[in-house]
1. Can you pull out the residues in the stretch 77-87 that are more than 16 Å from ligand 2 (Cβ to nearest atom) and either crowded, with 20+ Cβ neighbours inside 10 Å or assigned to a helix (DSSP H, G or I) (or both)?
2. Name, by its number, the condition in (1) within 15 Å of ligand 1 (Cβ to nearest atom); (2) among the hydrophobic types (A, V, I, L, M, F, W, C); (3) surrounded by fewer than 19 Cβ atoms within 10 Å (Cβ to Cβ) that does not hold for Leu245.
3. What number of residues within the stretch 104-116 are within 16 Å of ligand 2 (Cβ to nearest atom) and part of a helix (DSSP H, G or I)?
4. Let me confirm something: among Lys128, Lys228, which residue is closer than 27 Å to Lys307 by Cα, over 21 Å from the mean Cα position of the chain (by Cα) and of a type in the set (Lys, Arg)?
5. Can you find even one residue in the stretch 36-54 that is more than 16 Å from ligand 2 (Cβ to nearest atom) and more than 30 Å from Ile178 (Cα to Cα)?
6. Please tell me if Ile119 is over 23 Å from Asp212 (Cβ atoms), β-branched (Val, Ile, Thr) and within 16 Å of ligand 2 (Cβ to nearest atom).
7. Given the conditions (1) outside any helix (DSSP H, G or I); (2) over 30 Å from Lys150 (Cα atoms); (3) away from ligand 1 (no atom under 16 Å from the Cβ), report the number of the one that Pro182 does not fulfil.
Amino acid sequence: MNRMNILAIETSCDETACAIVKNGTEILSNVVNSQIDIHKIYGGVVPEIAARSHIEAIMPVVEKAILDSKLTWEKIDAIAVTHTPGLLGSLLVGTLTARTLAILHNKPLYAIHHLKSHIYANWLENPKTDAPQFPLLALVISGGHTQIIKMNHHNDFHIIGSTRDDAVGEVFDKVAKILGLPYPGGPSITQAALNGDPTRYQLPIPQVDNLDFSFSGLKTAVLRRIQKELNLPISTPSFELKDKLTEQQVNDFAASFQSTVSTIFVKKLSKALVENPSTQSLILAGGVSANQNLKENIQNTFNKQVKVYVPNPKFSTDNAAMVASAAYFSIQSGQKPTDPYSLDISPRSVIF
Ligand code: KG4
Ligand code: ZN
């Protein structure tokens with residue numbers, strides 16, 4: 001079927017989301033209920049609380065998505081849901097809801113990989129003529145992943161670079177915590193960096209072969225540089241540092257860290273483009289792609305070489321519209337529906 005209205009559900013982490021998207025690009029509704037305020041007080045996502053909050057929010061979120069779209073269930077052609085990777089309890093709430101709705105309304109059900117969805121955020125609101133062109137390179141940067149993925153056509157994914165340790169979003173969150181900035185760290189570091197000097201603190205660029213990344217060393221380097229700045233021994237616990245830093249030091253550390261991350265990605269993407277000279281588009285995906293400094297650096301460096309795509313910020317972080325888009329293009333490429341009576345989840349990433 002070429003023309004399709006897909007209702008998608010996304011609950012892999014701390015956003016309860018449902019959206020209805022026509023033909024993979026046209027958004028009819030997009031509802032995201034964020035749990036950030038609930039988790040903020042703990043400084044990070046608490047899995048059990050996330051699952052319980054999804055249970056409370058999921059049906060009102062689905063109902064609002066249907067209401068906003070002005071469609072009735074008869075006009076929905078398929079249901080899509082994130083089944084991997086993510087938090088176990090969170091994934092269960094979304095998949096059980098999608099399975100039940102698929103059975104109840106007799107709709108085909110499609111299981112979608114979360115990273116694939118982040119990539120397809122770049123097709124949302126992009127008519128066919130403006131859509132990314134193949135072969136393309138996707139830099140997927142989220143709270144759980146850091147990868148460079150090559151796609152020769154739709155639904156074709158080759159991981160050509162990966163982090164060997166921490167994901168970049170995780171490091172944004174950890175550095176923010178050391179600096180005493182609120183969760184989630186990405187947006188708070190972005191904000192603090194606006195008033196910071198990116199050249200004040202020199203941080204090392206990890207030397208990793210090929211197209212892989214390593215971020216755990218950068219996290220430790222920030223910690224050591226803060227201890228040095230405060231003339232404290234390296235045995236000083238990280239949670240004791242934030243109260244000793246001035247606001248200007250915090251802003252300068254945020255800006256220096258952010259700019260080092262940009263340098264790392266620009267270097268690796270340059271290498272990836274040299275190794276893949278036929279690349280037509282370069283696309284950013286995942287929560288960290290909402291970072292203004294990173295977007296600008298990547299766009300300014302590469303836009304003469306390839307067309308650079310960055311999702312609209314509301315589609316960079318977790319949402320269900322991107323799941324519907326990924327499902328649409330997967331179905332066009334031959335993905336078959338899954339059995340709603342037996343669809344399982346996989347908290348750890350499976351191959352997509
Ligand atoms: O893609 P996402 O919403 O969820 C996962 O699939 O992990 O990414 C969440 C991550 C968090 O680590 C958050 O700190 C980071 O994305 N993030 C940002 C920004 N907004 C969110 N990182 C840097 N700059 C931002 N503006
Ligand atoms: Zn995500």
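Nothing in this text is a laboratory measurement; each read-out follows from the coordinates by a stated rule. Quick caveat, the model's predicted, so the values are computed rather than measured. When we count neighbours, we look across all protein chains shown, and the Cβ atoms used for this are built from the backbone with ideal geometry, even at glycine.
1. Hits for the stretch 77-87 are Ala78, Ile79.
2. All conditions are met except number (1).
3. Residues in the stretch 104-116 being within 16 Å of ligand 2 (Cβ to nearest atom) and part of a helix (DSSP H, G or I): 3 in total.
4. Within the list Lys128, Lys228, the selection yields Lys128.
5. no
6. no
7. Pro182 satisfies all of (1) outside any helix (DSSP H, G or I); (2) over 30 Å from Lys150 (Cα atoms); (3) away from ligand 1 (no atom under 16 Å from the Cβ) except (3).
One line per residue, one yes/no per condition, for (1) more than 20 Å from Pro311 (Cβ to Cβ); (2) within 15 Å of ligand 1 (Cβ to nearest atom); (3) part of a loop (DSSP other than H, G, I, E, B); (4) out of contact with any strand residue (DSSP E or B) (no Cβ under 6 Å at 6 or more places or on another chain):
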site: Ile6; (1), (2), (3), (4): no, no, no, no
site: Ala17; (1), (2), (3), (4): no, yes, no, no
site: Asn30; (1), (2), (3), (4): no, yes, no, no
site: Asn33; (1), (2), (3), (4): no, yes, no, no
site: Ile38; (1), (2), (3), (4): yes, no, no, yes
site: Gly43; (1), (2), (3), (4): yes, yes, yes, yes
site: His54; (1), (2), (3), (4): yes, yes, no, no
site: Glu63; (1), (2), (3), (4): yes, no, no, yes
